[in-house]
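Below: one structure, written as structure tokens.
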Amino acid sequence: MDDRQRAQAEGEAKLLFHKIDKDQDGSLTFQEVFDYNKGKHPNDVHAALQGFVDADTDRSDSLTEEEFVQHYLKSQA
């Protein structure tokens, strides 16, 4: 991924983060991620849970924007 593609992917990730963050508190709960994912992939609860666990690098049971963006970039590589 070149610098332009990375910048574009970061922008996409940030927009998606704010779309998923329904209560706009600046972090994502598993419920918010699950609710978003079930609209896209209703039968894949496992993927939502695994993605959340993988992205939650500090094990706080919530995702910061930075954690979300980093996980998104890894998934695009």
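Of note:
- Boolean, PHE34 is assigned to a helix (DSSP H, G or I), of a type in the set (A, V, I, L, M, F, W, C) and more than 14 Å from GLN70 (Cβ to Cβ): yes
- For the stretch 38-61, filtering for residues that are in contact (Cβ under 8 Å) with a residue 12 or more places away in the chain and within 20 Å of GLU12 (Cα to Cα) leaves 5.
- Conditions (1) part of a loop (DSSP other than H, G, I, E, B); (2) out of contact with any helix residue (DSSP H, G or I) (no Cβ under 7 Å at 6 or more places or on another chain); number of the one not met by LYS74: (1)
- From the list ASP56, ASP44, ASP61, the lone residue that is on the phi > 0 side of the Ramachandran plot, surrounded by 11 or more Cβ atoms within 10 Å (Cβ to Cβ) and charged (D, E, K, R) is ASP61.
- Considering residues of the stretch 1-31 that are without any contact (Cβ under 8 Å) to a residue 12 or more places away in the chain and assigned to a loop (DSSP other than H, G, I, E, B) only, the residue surrounded by the most Cβ atoms within 10 Å (Cβ to Cβ): ASP21
Read-outs throughout are calculated quantities, based only on the coordinates presented, and are distinct from any laboratory measurement. Computed from a predicted structure; not experimentally measured. Neighbour counts are summed over all protein chains in view; Cβ atoms, including those assigned to glycine, are modelled from backbone coordinates with ideal geometry.
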